[in-house]
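> Below you will find the structure I want to go over with you.
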Number of protein chains: 2
Amino acid sequence: MTIAQVAQRTGLTAHTLRYYERTGLMLEPPPRGDNGHRRYTERDADWIALLTRLRASGMPIAAMRRYAELARRGRDSYVARKELLEAHRADMIAKIEQLRSDLEIVDYKIDLYSRRIRGEE
Amino acid sequence: MTIAQVAQRTGLTAHTLRYYERTGLMLEPPPRGDNGHRRYTERDADWIALLTRLRASGMPIAAMRRYAELARRGRDSYVARKELLEAHRADMIAKIEQLRSDLEIVDYKIDLYSRRIRGEE
DNA sequence: CTGGGAGTTGGAGCGCGCTCTAAGTCAAAT
DNA sequence: ATTTGACTTAGAGCGCGCTCCAACTCCCAG
């Protein structure tokens, strides 16, 4: 798989894929073809797909790097990896709660404007 | 109300409050005391509180600025303000959905690690 | 043999949202 | 009289997450 294909598939740009690699997010650097071009494996693509989900859910790059480092350590790091994901899970829940709570205010405001537009106040 | 008191109340720093003012987020610049210090009104504090909720829910500064501009225009901008908030509302809903969806994967991963730790695979 | 297109690298640049610094003013406390 | 502390300004700096640039190699089609 070429970098362009992985970009296509994951929605990241080739630039970002190289950046992710540089910054330590890959389990291991993807193998190269004879021409020196990256040849991503299926496993690479799956890992990157996971990374995009973690990013999309708000995990900072630094935490993802820690996660990648742990993953490279293999079975020894199951507990640490689980803890990292649990911490992230807590952040996600908190963010959902925050959004839900702020949604009330936004809804209230929208409703207020609706009534004002209809001339009720 | 001094800038420090508003900072205390809203959780923003004095630095950020001045920045928000500079960047056009206030309805009008807060009045000054004889010493040239800002003297925030209750209305200022309420407005800033609203700003913090919009920020917390992910609204970019640029959109908040647009919202403030509209608010300065008064009754004429009810429709536009409503539309702006509705657009933001849609973003918030989308983000909640995104989080919910990513939560499934994180939960799945956590569960996987739990089982591996217990030696089930 | 000449383009064009896809990849490579190191490193610079950018947009966002703050965050802080430097230098100054003023008022109250010692 | 001096120190402390809260404020003021213009403007610089920063951390994050990309995003892009310049210069290069390589391969293939015309």
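The values are calculated or read from the model by the stated rules, or taken from the named source; none is laboratory data. What you are looking at is a predicted structure, and each value in this text was computed from that prediction instead of being measured. Cβ sites come from the backbone with ideal geometry, for glycine too, and all protein chains shown count toward neighbours. All accessible areas refer to the heavy atoms of the entire protein, side chains included, with ligands and DNA or RNA removed. Shrake-Rupley method; radii C 1.70, N 1.55, O 1.52, S 1.80 Å.
> Using the alpha carbons of the protein assembly as shown, what is the convex hull volume per residue in cubic angstrom, as a whole number?
In the protein assembly as shown, the Cα convex hull volume per residue is 176 Å³.
> Tell me the carbon and sulfur percent of the accessible area for chain A, rounded to whole percent, probe radius 1.4 Å.
On the way: 3300 of 6880 Å².
C and S fraction of accessible area: 48 percent.
> Something else now. Pick out which of B:S57, B:S77, B:S101 has the largest mean-square fluctuation in a Gaussian network model of chain B, springs linking Cα atoms closer than 10 Å.
Of the options given, B:S101 has the highest mean-square fluctuation.
> May I pose another question? How large is the helix-only mean residue ellipticity at 222 nm for chain A, computed as the sum of -39500 (n - 2.57) over DSSP H runs with n ≥ 4, divided by its residue count, in deg cm²/dmol to the nearest 500?
The helix-only estimate for chain A comes to -23000 deg cm²/dmol at 222 nm.
> Shortest first, in nm, what separates the label point of A:R75 from those of the same position in the other copies (7 Å along Cα→Cβ)?
7.5
> Oh, and also: Picking from B:G58, B:G74, B:G11, which is most flexible by a Gaussian network model of chain B using Cα springs under 10 Å?
B:G74
> Something else now. B plus A alone minus the pair: what accessible area, both sides summed, probe 1.4 Å, in Å² to 100? Each step should come with its number before you reach the end.
Details: alone 8530 and 8530 Å², together 13780 Å².
Roughly 3300 Å².
> Same structure, new question: Mind checking the angle between helix B:61-72 and chain B's longest principal axis? C-alpha axes, 0 to 90 degrees, to the nearest 10.
That helix lies at roughly 40 degrees to the long axis.
> Once the Cα atoms of helix A:78-117 and of chain A are each reduced to a long axis, what angle between those two axes, in degrees from 0 to 90 to the nearest 10, is obtained?
Once rounded, the angle reads 30 degrees.
> From the label point of B:A62, set 7 Å from Cα along Cα→Cβ, how far away are the matching label points in the other copies, in nm, ordered shortest to longest?
B:A62 label point versus its equivalents elsewhere: 2.7 nm.
> Of the residues A:M92, A:M64, A:M26, which exhibits the maximal mean-square fluctuation in a Gaussian network model of chain A defined by a 10 Å Cα contact cut-off?
A:M92
> On to the next question. Between rounded, prolate and oblate, where does the range A:3-117 land on the alpha carbon gyration tensor, with a ≥ b ≥ c its root eigenvalues, rounded for a/c under 1.5, else prolate if a/b exceeds b/c?
Judged from the Cα gyration tensor, the range A:3-117 comes out oblate (a/c at least 1.5, b/c at or above a/b).
> Using the heavy atoms of the protein chains and a 1.4 angstrom probe, tell me the accessible area per residue for chain A in square angstrom.
Here the per-residue accessible area is 57 Å².
> Which positions within the range B:89-104 get 30 Å² or more of their accessible surface covered by the other protein chains, compared to the chain by itself, with a 1.4 angstrom probe?
Listed by number, the residues meeting the 30 Å² cut-off are B:R89, B:M92, B:I96, B:L99, B:R100, B:D102, B:L103.
> So which lysines can B:K82 reach, going by Cα to Cα under 17 Å and dropping same-chain residues fewer than 8 places off?
By straight Cα distance, B:K82 reaches A:K109.
> Label position 7 Å from Cα toward Cβ: report the copy-to-copy distances for A:I117 in nm, one decimal, ordered from shortest.
5.1
> Follow-up. Which Cβ of chain A lies nearest the axis of the rotation superposing A onto B, and at what whole-Å distance?
Nearest Cβ to the rotation axis, residue and whole-Å distance: A:I96, 3.
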